[in-house]
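Chemist: Once you've had a glance at the structure underneath, I'll fire off some questions.
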Amino acid sequence: MNQSAAAPIQAFIEGTSRPGAGAELPVIDPTSGRQIATLREDSAADVDRAVAAACRAFARSDWPRLGIAARQEMLLRLHDAILAHVPELAELECAALGVPMRDLLGMHLPRAAYNFRFFAEFIGQACGDVYDQTDGYRSLVLREPVGVAALIAPWNAPCALASMKIAAALAFGNTCVLKPSEQTPLALARLVEILHEAGLPPGVVNLVNGRGAVTGAALVDHPGVDLVSFTGGTETGRAIMAAAGRRLVPCTMELGGKSANIVFASADYDRALDAALAAIFANNGQQCLAGSRILVEKPIAERFIADFTDRTRRIRIGDPRDTETELGPLASAAQRARVLGYAKGAPAEGLTLLTGGGVPAGLPDRLAGGFFVEPVAALAPDNTARACREEIFGPFVTIQVFDGYDDAIGRANDTDFGLVSYVWSDHLPTVERATRDLRSGVVWVNTTMTRELRAPFGGYRNSGVGREGGEACQQFYTEAKTVTIPSRPTTSRRFGAG
Ligand code: NDP
């Protein structure tokens, strides 16, 4: 039953792998540009089968009614099972995504496992509310699973992101149907099998595959779906939320970003430089929380720009399986064309290209068909250019020079997005002020990409609606039921008693 990179990828419904009725779609290895697998797209009828299975499991299986200890035990078992398969999953993820293996082995897959442990521990500590301010009454707030969750995940970190959604949905007693991106279905298909091999009851987690407009839209529109948790692009999020809104289905939307990385002159220079590079070039530059707009303060700007450009030129581009590689291929030909297009258009929009923006020369022949790109750094006078306003979602950073605190905050907040802001300064009053003035769901001070799972994660404005995290997920994946009980017998108005 193993879905390997060579076998067709298909749906997994009620514990069984089954081919979809839709088109056959190629899965491409971005490192070579070659097809490595075929995906059987799931039609609306297949989606209907998956949702029906999740509905049955919600209505009839033990899962929503399990005691916390039993649910924790299962979540911990799933954690262990994923950990035991990290190399296999990393290989599959790398094959379709091209992110360096050392990131997949060191971060993505351990995080995928940890998400299950995190929620197992969280539900052991979660508690509810009691209100006794109304004399003679006590009201308890019970939290109950909502039902069937549609989980829609993007291609840039398939296992790490989808596992958070699966673990959260399960921890609070829901069942679910997962739809990964059709570009990167390999590792998640195997992960879902692994969950079942570890003993997850059939129907609790179901998997469908296919394009967003076909399989994804059928899932969101399905009347059996009670919740939608989406991570992806802003425009897709808008369409999904509109569709879900017609049925009043609650959604969380983790969307794009155009995050400012502010480097004040009072920063620890070396740390800020290292972190600025990591914030934009990690994960091949394809991350929602990328620090894609560097704002550097005038007194250190010349040195910072020179050092940043030099380091960017020296980034090791290559096969993601090589341990030396820092930047692998972009995930698709379209993604590479997008980055190259922004680089080409940059000078006409007033940007100065400092480095990159071409296809790297000198790669070995076996990588000739891969979607490699030279990482781009460009100097921008302000935020007007498209490269400063639109999410590129690749290794492309713009650098602006600012003059003083107000200028920095003004430039940082001059965006339609609001996911993350980075602040680099060792001057406490500056840090204090900035954390209050920045309009984003997350502010990272003197650090980069430190995700605290207990705390809410999500964005302002076009970066999203709702949050993910311990308590935020509890709110989303449960219905609140208020039970009011009098402390002594009550007397009602005696209608019809004369
Ligand atoms: P997309 O919005 O294109 O797709 C995301 C998912 O939605 C995919 O599974 C896609 O399927 C599916 N989809 C597309 N259209 C529909 C539809 N009409 N109905 C239902 N599902 C649909 O995003 P990408 O996959 O390109 O991911 C990149 C985006 O994700 C970036 O904007 C990035 O910022 C954002 N992101 C946000 C994060 C956050 O936490 N805020 C984290 C990571 C990424 P398919 O691809 O198969 O067509």
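Chemist: Let me know the shape class of region 1-110, please: from the alpha-carbon gyration tensor, a ≥ b ≥ c as square roots of the eigenvalues, rounded when a/c is under 1.5, otherwise prolate if a/b is greater than b/c, or oblate.
Modeler: Cα axes put region 1-110 in the oblate bin.
Chemist: While we're looking at this one, here's another question. Rolling a 1.4 angstrom probe over the protein heavy atoms, how many square angstrom per residue are accessible across the chain?
Modeler: Value for the chain: 41 Å² per residue.
Chemist: Measuring from label point to label point, each 7 Å out along Cα→Cβ, what is the Tyr269 to Arg433 span in nm?
Modeler: A separation of 2.3 nm, rounded to one decimal place.
Chemist: Next question. Using Cα pairs closer than 8 Å and at least 6 residues apart in sequence, work out the relative contact order for region 260-445, in percent.
Modeler: 29 percent
Chemist: Right, here's the next one. Counting alpha carbon pairs within less than 8 Å and at least 6 residues apart, what relative contact order, in whole percent, applies to the chain?
Modeler: Reported as a whole number, the value is 18 percent.
Chemist: Near Leu227, within a Cβ-to-Cβ distance under 12 Å, what is the net charge of the other residues, with Lys and Arg +1 and Asp and Glu -1?
Modeler: That sum, taken over residues with Cβ under 12 Å, equals 0.
Chemist: A further question follows. Roughly speaking, what is the stretch gain from Asp307 to Asp382, that is 0.36 nm per residue apart minus the C-alpha to C-alpha distance, in nm to one decimal? Can you show the working numbers first?
Modeler: Working: separation 75, 0.36 × 75 = 27.00 nm, distance 2.09 nm.
Full-extension gain reported as 24.9 nm.
Chemist: Something else: Filter the chymotrypsin sites (Phe, Trp or Tyr not before Pro) in region 409-498 to those in DSSP coil with at most 13 other Cβ atoms within 10 Å of their Cβ, and list the result.
Modeler: Those satisfying the criteria are Phe495.
Chemist: For region 1-78 and region 187-220, compute the distance between their C-alpha centroids and round to whole Å.
Modeler: Taking the Cα centre of each part, region 1-78 and region 187-220 sit 3 Å apart.
Chemist: Report the gain in length on full extension from Asp414 to Val141: 0.36 nm times residue separation, minus Cα-Cα distance, nm rounded to one decimal.
Modeler: Numbers: separation 273, 0.36 × 273 = 98.28 nm, distance 4.10 nm.
That pair, Asp414 and Val141, stretches by 94.2 nm at full extension.
Chemist: Carbon and sulfur together cover what percent of the accessible area of the chain at a 1.4 Å probe radius?
Modeler: 52 percent
Chemist: Any idea how far apart Ala278 and Ser492 come out in nm if each label point goes 7 Å out from Cα toward Cβ?
Modeler: Each label point lies 7 Å from its Cα, and together they span 6.3 nm.
Chemist: While we're on this one: Nearest 5 percent is fine: what portion of the DSSP beta bridges confined to region 260-445 is antiparallel? If you can, show how the numbers build up before the last one.
Modeler: Values: 3 of 25 bridges.
So the antiparallel bridges amount to about 10 percent of the total.
Chemist: Between Asp62 and Ala334, what's the calculated FRET efficiency when r is the beta-carbon distance and R0 is 56 Å? Round to 0.05.
Modeler: The calculated FRET efficiency here is 0.80.
Chemist: Give, in nm to one decimal, the length gained when the segment between Arg461 and Leu363 is fully stretched (0.36 nm per residue of separation minus the Cα-Cα distance).
Modeler: Additional length available on full extension: 31.2 nm.
The values are calculated or read from the model by the stated rules, or taken from the named source; none is laboratory data. Keep in mind it's a predicted model, so treat the numbers as computed, not measured. Here the Cβ is made from the backbone with ideal geometry for all residues, glycine too, and neighbour counts use every protein chain on show. SASA here: full protein model, heavy atoms, side chains in, ligands and nucleic acids out. Shrake-Rupley method; radii C 1.70, N 1.55, O 1.52, S 1.80 Å.
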